[in-house]
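Below is one structure, written out as structure tokens; the observations come after it.
The values are calculated or read from the model by the stated rules, or taken from the named source; none is laboratory data. Model, not experiment: these values are computed from the prediction. Heads up, the Cβs are rebuilt from the backbone with ideal geometry, glycines too, and the neighbour counts pull from every protein chain shown.
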């Protein structure tokens, strides 16, 4: 970083504050970290959905109209391209020392090409491996192959790839990215919002809460299929879903048939409201369907629940199950109806001990999964690319003067 001016960083993402979602929270933490470390930041993003709260920032926000699906999401290839095509020209016109790309891979390709044309480096922020999730859905194989090629193109051309976990970093390496170009920065949640202090929602009986995206590969239907067995022991129990996703219509249909009146869908709600419902829940529900190639994921839902002090019922195997079991964050159950129902019943029956463990769970998140900390770490990794570029430029200049 030169003494004459601060480093210029551009962040390209189809999602940003005030939209609700893990990607928005993560990028906000990154940008906050960049600003705190003296960077001049611009964010190339979209106009938020109608009805979003106002948001002002101490950096440049370049917003552009985008196509959204019926649920107001930028999800689907037409929607992605409605951001990516204008972003190509917007990024060409953006002055930056380094650009940060957020998935999907199509945006990574746009950032890679514009960065090459502008002769500047870019960083790819790999919160997950996009095509691992895509392969777990019902899409044609040719689509998976094309998107995997796009993801590999972006990852291999990035000056640095930021991964949120060692498991994601390992997946990135499988695309042919050298390990010394991958930085693991961790992940987490905003502990000022998802903390044990604050209001809790009231309900007539014990309830479970599921927050965030409802995708096929997550398989949240396991909780609805387990609910009748839970109701046999706890007749007042219910499940409350908050969020949206491609699997939501299937979940609603299943709930109407298996547990009418005991499952509700509240849509997308602000983080503070989500925290209120999590605090009052018997447990938060998190799942990853095994065998879909996504067992390496550590869903942010786990951190949000534990940050509020609420135990997690995790259905599945792999990294998420280990995270819950190894750190006393709740119950890790096999992905089958009997195991999940038993785990749900145990947390309802252990309400007293769960309340006693609230501070311990929240304390673990505060120490190990603070989004502010991971944002600072990610910002330092981004700015290291600028420093490295300036050092290389000085060396080239010295070489020409000898």
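Which of the residues spanning the stretch 318-336 are in a loop (DSSP other than H, G, I, E, B), under 21 Å from the mean Cα position of the chain (by Cα) and at pLDDT 95 or above? Steps first, answer last, please.
Keep residues of the stretch 318-336 that are in a loop (DSSP other than H, G, I, E, B), which gives 318, 327-329, 334-336.
With the extra rule that they be under 21 Å from the mean Cα position of the chain (by Cα), the set shrinks to 318, 327, 329.
327, 329 - these are the residues of the stretch 318-336 that are in a loop (DSSP other than H, G, I, E, B), under 21 Å from the mean Cα position of the chain (by Cα) and at pLDDT 95 or above.
Taking the conditions exactly as written (touching a strand residue (DSSP E or B) at 6+ places or on another chain (Cβ under 8 Å), in the same structural domain as residue 126 (by TED's automatic domain parsing), more than 16 Å from residue 244 (Cα to Cα) and outside any helix (DSSP H, G or I)), does residue 14 satisfy them or not?
Details: touching a strand residue (DSSP E or B) at 6+ places or on another chain (Cβ under 8 Å): yes; in the same structural domain as residue 126 (by TED's automatic domain parsing): yes; more than 16 Å from residue 244 (Cα to Cα): yes; outside any helix (DSSP H, G or I): yes.
Criteria met by residue 14.
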Residue count for the stretch 294-304, restricted to those that are in contact (Cβ under 8 Å) with a residue 60 or more places away in the chain and part of a helix (DSSP H, G or I): 4
Only one of (1) under 29 Å from residue 296 (Cβ atoms); (2) modelled with pLDDT of 95 or more; (3) surrounded by fewer than 19 Cβ atoms within 10 Å (Cβ to Cβ) is not met by residue 151, so which one is it? (3)
Failed criterion for residue 172 (all others in (1) closer than 19 Å to residue 295 by Cα; (2) surrounded by fewer than 22 Cβ atoms within 10 Å (Cβ to Cβ) hold): (2)
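Taking the stated definitions as given, is residue 103 touching a strand residue (DSSP E or B) at 6+ places or on another chain (Cβ under 8 Å) and closer than 28 Å to residue 247 by Cβ? First the steps, then the outcome.
Numbers: touching a strand residue (DSSP E or B) at 6+ places or on another chain (Cβ under 8 Å): yes; closer than 28 Å to residue 247 by Cβ: yes.
When the stated conditions are applied, residue 103 passes them.
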Taking first residues from the stretch 59-71 that are outside the structural domain of residue 246 (by TED's automatic domain parsing) and more than 30 Å from residue 36 (Cβ to Cβ) and second residues anywhere that are in a loop (DSSP other than H, G, I, E, B) and at pLDDT below 95, the pairs with Cβ under 7 Å that are 6 or more apart or on different chains are 65/47; 68/49; 68/74; 69/75; 69/76; 71/244
Residues of the stretch 144-176 classified as in contact (Cβ under 8 Å) with a residue 60 or more places away in the chain, farther than 14 Å from residue 102 by Cα and not in a loop (DSSP other than H, G, I, E, B), total: 4
Test for residue 29: is it under 28 Å from residue 303 (Cβ atoms) and either in contact with a helix residue (DSSP H, G or I) (Cβ under 7 Å, 6 or more places away or on another chain) or in contact (Cβ under 8 Å) with a residue 12 or more places away in the chain (or both): yes
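A quick yes/no check of all residues on (1) surrounded by fewer than 18 Cβ atoms within 10 Å (Cβ to Cβ); (2) more than 18 Å from the chain's Cα centre (by Cα); (3) in the same structural domain as residue 293 (by TED's automatic domain parsing); (4) modelled with pLDDT of 90 or more:
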| position | (1), (2), (3), (4) |
| --- | --- |
| 104 | no, no, no, yes |
| 108 | no, no, no, yes |
| 111 | no, yes, no, yes |
| 118 | yes, yes, no, yes |
| 132 | no, no, no, no |
| 136 | no, no, no, no |
| 140 | yes, yes, no, no |
| 145 | yes, yes, no, yes |
Out of the stretch 38-88, which residues are closer than 13 Å to residue 20 by Cα and surrounded by 18 or more Cβ atoms within 10 Å (Cβ to Cβ)? 48, 73, 74
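From the list 359, 390, 395, exactly one residue is at pLDDT below 95 and not assigned by TED's automatic domain parsing to the domain that holds residue 36. Which is it?
Exactly one residue qualifies, and that residue is 359.
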Checking the structure you have, find out if any residue of the stretch 156-165 is touching a helix residue (DSSP H, G or I) at 6+ places or on another chain (Cβ under 9 Å) and within 30 Å of residue 240 (Cα to Cα). yes
Could you say which residue among 360, 355, 378 is touching a residue at least 60 places away in the same chain (Cβ under 8 Å) and in a helix (DSSP H, G or I)? 378
State the number of residues belonging to the stretch 325-346 that are buried (at least 24 other Cβ atoms within 10 Å of the Cβ) and under 20 Å from residue 194 (Cβ atoms). 2
Before we move on, is residue 126 under 17 Å from the mean Cα position of the chain (by Cα), crowded, with 24+ Cβ neighbours inside 10 Å and either closer than 18 Å to residue 75 by Cβ or in the same structural domain as residue 41 (by TED's automatic domain parsing) (or both)? yes
